[in-house]
1. What number of residues within region 11-33 satisfy the criterion of being assigned to a helix (DSSP H, G or I) and away from the ligand (no atom under 15 Å from the Cβ)?
2. Among the residues of region 244-254, is there at least one that is within 24 Å of the chain's Cα centre (by Cα), at positive phi and not in a strand (DSSP E or B)?
3. Tell me, which residue of region 1-42 that is over 12 Å from residue 181 (Cβ atoms) and of a type in the set (D, E, K, R) is surrounded by the most Cβ atoms within 10 Å (Cβ to Cβ)?
4. How many residues are within 13 Å of the ligand (Cβ to nearest atom) and of a type in the set (Phe, Trp, Tyr) if we restrict to region 203-247?
5. Residue 49: in a loop (DSSP other than H, G, I, E, B), assigned by TED's automatic domain parsing to the domain that holds residue 173 and either closer than 15 Å to residue 369 by Cβ or at pLDDT below 95 (or both), yes or no?
6. Being outside the structural domain of residue 173 (by TED's automatic domain parsing) and assigned to a loop (DSSP other than H, G, I, E, B) is true for just one of 430, 436. Which residue is that?
7. Can you spot a residue in region 217-234 that is surrounded by 17 or more Cβ atoms within 10 Å (Cβ to Cβ), in contact with a strand residue (DSSP E or B) (Cβ under 8 Å, 6 or more places away or on another chain), modelled with pLDDT of 95 or more and under 20 Å from residue 147 (Cβ atoms)?
8. For region 62-78, give me each residue that is within 21 Å of residue 132 (Cα to Cα) and in a helix (DSSP H, G or I).
Amino acid sequence: MKRADQLKAISHTEKWDIVIIGGGATGLGAALDAASRGFKTLCIEKTDFSKGTSSRSTKLIHGGVRYLEQGNFSMVRSALMERWFLLKNAPFTTKKIPFILPVYSWWRYIYYGFGLMLYDLLSGKFSIGKTKFLKKETVIAKIPQIRQQSLKGGIQYYDGQFDDSQICISLARTAISKGATVINHMSAENFLYEGSNISGIQLRDTLYNKIYEVRSKTVINATGVFADDLILKDNPAHHRIVTPSQGIHLVVDKQYHNSPYAMLIPKTTDGRILFAVPWHDKVVIGTTDTTAPDISEEPQATNEEIHFVLDNFNRYINTQLTSSDIKSVFTGLRPLVKMKNIQSTADLVRDHSIVVSASGLVTITGGKWTTYRKMARDVINKAIRAGNLPFRRCKTRSIKLLLGRKVAGKKAPELLHSNYPFTIDDVIYAIHHEMACTLEDILARRIRLLFLDVKAAIEVSPLVCRLLQKELDHDEMWYQSQLESFKSLAKQYLPKS
Ligand SMILES: Cc1cc2nc3c(=O)[nH]c(=O)nc-3n(C[C@H](O)[C@H](O)[C@H](O)COP(=O)(O)OP(=O)(O)OC[C@H]3O[C@@H](n4cnc5c(N)ncnc54)[C@H](O)[C@@H]3O)c2cc1C
């Protein structure tokens, strides 16, 4: 998977069947779907694969326990089926994980117990493990840090877990293996038209500031929370279709939740749910759901959100976390489908929506990581009609995603940092085989150090930057500016003091 090969394909292809804008879960999923149906497919990403929301999820492959309470059974059932396909097709970076929901009243014990049994029942033959009631002593044995006072017991159920950025790289790699051209650091700048129909895009290589023009039978807008920017560029009179909703996560050392079991806190002070999930030997705690103040590539967690998560988590453990325990804070924006008469973003449905503009632009928003394959199938079916392409069946149910490097790190002396398993080899591999072009690409999304431990990421940044400079033949000025911009970005992943 080399960027130079992908650039050549852009220059040498006269006309694409399908061009997809956006290299997150939705865009890369669509690229794999289209290429595996035999369409000449190009997928471009403005920054880096999964730079948007797709690297900032809670990393759960789930049906959405919360939507059961809203009575949205068909959406939960369909997501549970997708959960099964993702676990089956990407076994190297997904796994099933047991969750425990601790309960502090007998009434809730029954209520949540039957709710989670229904959750498993809805998965039918795609079940990944039975829900069961646990006694108080069992909950304490499984989650030693749980608050024990008034604890009645718990419910154990199963969901999936993954590394979101890693799956994006696997999707890109697999799409390329099926014939797609997939490239990062390439932005869609303007649409090209024949009459009133979109016939292509003007692209800009953001690393080398070079302009390309590509022609296509159909164009898909899979840019997440940025979808309205492109819709309005095509037609300034079009209504907006996205409501961004912000969610934050805190990453802390596992001593605060030293367990292979994830914990589901069923009711926060604002009536939502909160997860504490073991991930890469740390614990991810989140998330929130608030109207996003603005749409940004780097959304910022507010102090209020951070304290909300700390306070709600602290109500369930026997120690007290403070903001100085936080190793990293990462924030994402959900590209939710805009609806009328909604009081809070938490009430918005999580299903996806596809809109075809008068120009033929096909835009997809909403959904969730877990359902990316189904979203991709639906949007390619729509693009086939919009672009008058021959109908071919979706094949992705049984396509195994390709693994690149082995994820486990090696022993010293090749380690980048004594506390983490990531190695120099991992960095070199990411540069030459995973299209990593910047320091941030590596430290945020190829190895997840920025998301796991900001200080450690800053400590290793000079070494990683030197490796990049050498391997990609950049000068000293490039080295200095990369390092500076990474350090100022990294500080945004720590709570503001
Ligand atoms: C806090 C939070 C937690 C979540 N947790 C989960 C979870 O645990 N499980 C789950 O299933 N789902 C979860 N989700 C939902 C899931 O993460 C999103 O639905 C999904 O990642 C959206 O993917 P996307 O590809 O549509 O958007 P994005 O990932 O944002 O991708 C869009 C891409 O388009 C690119 N782009 C924008 N403009 C241009 C342009 N002009 N040219 C080229 N490229 C462009 C952007 O750089 C971006 O990378 C969560 C979401 C949030 C916010």
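1. 2
2. no
3. Step by step, filter region 1-42, then rank; the result is 33.
4. Result for region 203-247: 2.
5. Here the answer is yes, as residue 49 does meet what is asked.
6. 436
7. No: zero hits.
8. Scanning region 62-78 gives 65, 66, 67, 68, 69, 73, 76, 77.
The values are calculated or read from the model by the stated rules, or taken from the named source; none is laboratory data. Here the structure is a predicted model, which means the values were calculated and not measured. No Cβ is skipped: glycine too gets one built from the backbone with ideal geometry, and neighbour counts run over all protein chains shown.
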